[in-house]
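The values are calculated or read from the model by the stated rules, or taken from the named source; none is laboratory data. Values in this document were obtained by computation on a predicted structure and should not be read as measured data. Methodologically, a virtual Cβ is constructed for each residue, glycine included, from the backbone with ideal geometry; neighbour enumeration extends over all protein chains shown. These area figures cover heavy atoms from the full protein model, side chains too; ligands, DNA and RNA do not enter into them. Shrake-Rupley method; radii C 1.70, N 1.55, O 1.52, S 1.80 Å.
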Amino acid sequence: MAAIVLAVINAKWIHPSLAVRLLKANLPGGLQDDSAIMEFAQRQPLEEKLTPILAAAPRILAFSVSIWNHGLTLELLEKLEQAWSSNPACTAPFIILGGPELTPLPPETAIFRFADFVIRGEGEEVFPRLCQAVLEDPAEAKTRYGKFIQADPVDLNAIKPGYDLYTDEDLKNKLIYVEASRGCPYACGFCQSAVKPKTAFLVREFPPEVFLARLDRLLCRIKNGKQPKNGAPRTIKFLDRSFNVNIPWALEILEYCLTKTTEETENGNHFQFHFEMVPVVFPKTLRTMIARFPPGSLRLEIGIQSLNPQTCALIQRTSNPERELEVLRFLRRETSALVHADLIAGLPGEDLVSFGRGFDKLWIALGGAFNEIQLGILKCLPGTPVHTMAEAGTNKLIYSKTAPYEVLTTDKLSLTDMEKIKNFARFWELIVNRQLLPLPPDKPVFARFMELSQQLFRHFGRNWGLPKEELRETAGLLFPAIEKTEEASA
Ligand code: SF4
């Protein structure tokens, strides 16, 4: 039995957590051998999470808490506490909580009731010291550290990467996360990167030679290990928030990745690299590099969020809508990159008309095909400027007080508008992003798809658990009729 269990509830089974691997990798040798990672998936029944933790009976139980697992982690901690308190033979472990979600939350937050220690900030340096102290003398550790520990940003040169802790099974079947840098130079009002103190989020990069040596080792393991037989791409996803802000550094890493795109495993799997890039930094050198990637080898997540300049100004987002659209047109016409663009509904100053106009501009710039638009709802994350605005009543942002803190209404969007947008987003994901139905790539589609999503909701009575073929058929029948009606009335 391990003395330390590092637990996390991941969004999906295929999304392994780099955070818990980093924590384990940075434990000193003896403690590392005496620690175990336990990963669960959001949809797994509670019992399946509870049982292995109780059976492991660790002395320290650490959870990585994120916005998407906060509620489930709280629920699990409640059940664990009940189990420990109802069985006198069990000794409850010391609970350590950490993760980006927790940093700005106030001490009275419900989840903290279960914690002996809460690490705010980056944990790789303080977590090993804390574990050692707790195992040696818990009372002394509590006096020395207190319950809330403010951890400074770590020295990236001093930490171990955690990639060796991906198992062969992970490398065969899951997305593989890596990070070449941390932080973002921008401070968009809704983003965790804007949480104070901003210094904690300034960009720090791993030296390229160090990072690339580690990445190379990881890719060799993937290539020489067992791989699925379907020839599917093996995706390496960079967690960097804004990979392209330092262009010479980004080019060095991209150049290496490009050399790997021609390599295949024995089952015909090839590497695909996934980066999050900001559209406001797209010089010619970067464009030329991206254009060299072969089809299927590069996925780009481009955060657009809003094409309304007033809205961007209200949230202090550095933006240039025309330039951003031009970048997307370039990517569509002159590269093979698969583009995934993000938009957020519910931002201050944006009504349904303005949002729809932005959506259509984005759709036409992306040109349909295999590109995706992901439509998210604004989250008022504690500690962010948008959260401060909401608390002050600015723009009448009303939001849910529990994670994920989604906006419910604004001065420009009623509850009904928000419900319609959420329903639109759900059907867009099911139908367009999953390519069930081709939409005209060169025409505005927002109003038509809004009508379609409303009709589909009325038809099915729900927007989840729908049989794919029935959805394809129904949407395929309804959409032409909506188009005809709209063209007749134009
Ligand atoms: S550019 Fe992206 S990561 Fe940076 S602050 Fe804005 S939303 Fe956050």
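Odds and ends about this structure:
- Residues (in a strand (DSSP E or B) and open to solvent by 20 Å² or more (accessible area, probe 1.4 Å)) located in the stretch 105-128: R120
- Across the stretch 448-464, the number of residues qualifying as open to solvent by 60 Å² or more (accessible area, probe 1.4 Å) and within 24 Å of H340 (Cβ to Cβ) comes to 1.
- Test: R426 is charged (D, E, K, R), surrounded by 18 or more Cβ atoms within 10 Å (Cβ to Cβ) and within 21 Å of the chain's Cα centre (by Cα): yes
- Condition met for I236 (open to solvent by less than 20 Å² (accessible area, probe 1.4 Å), modelled with pLDDT of 95 or more and under 30 Å from I95 (Cβ atoms)): no
- Elements of type helices (runs of 4 or more DSSP H) contained in the stretch 219-330, each with 1 or more residues being acidic (D, E) and more than 13 Å from the ligand (Cβ to nearest atom): 247-260
- In the stretch 277-292, residue nearest to T318 (Cα to Cα) [restricted to those that are basic (K, R) and open to solvent by 50 Å² or more (accessible area, probe 1.4 Å)]: K284
- Within the stretch 71-104, being modelled with pLDDT under 95 and open to solvent by less than 10 Å² (accessible area, probe 1.4 Å) holds for E101, L102.
- Scanning the stretch 345-374 for residues that are at negative phi and open to solvent by 20 Å² or more (accessible area, probe 1.4 Å) returns D351, L352, V353, R357, D360, K361, I364, F370, N371, E372, Q374.
- The lone exception for P197 - which of (1) away from the ligand (no atom under 16 Å from the Cβ); (2) open to solvent by 60 Å² or more (accessible area, probe 1.4 Å); (3) modelled with pLDDT under 90 it fails: (1)
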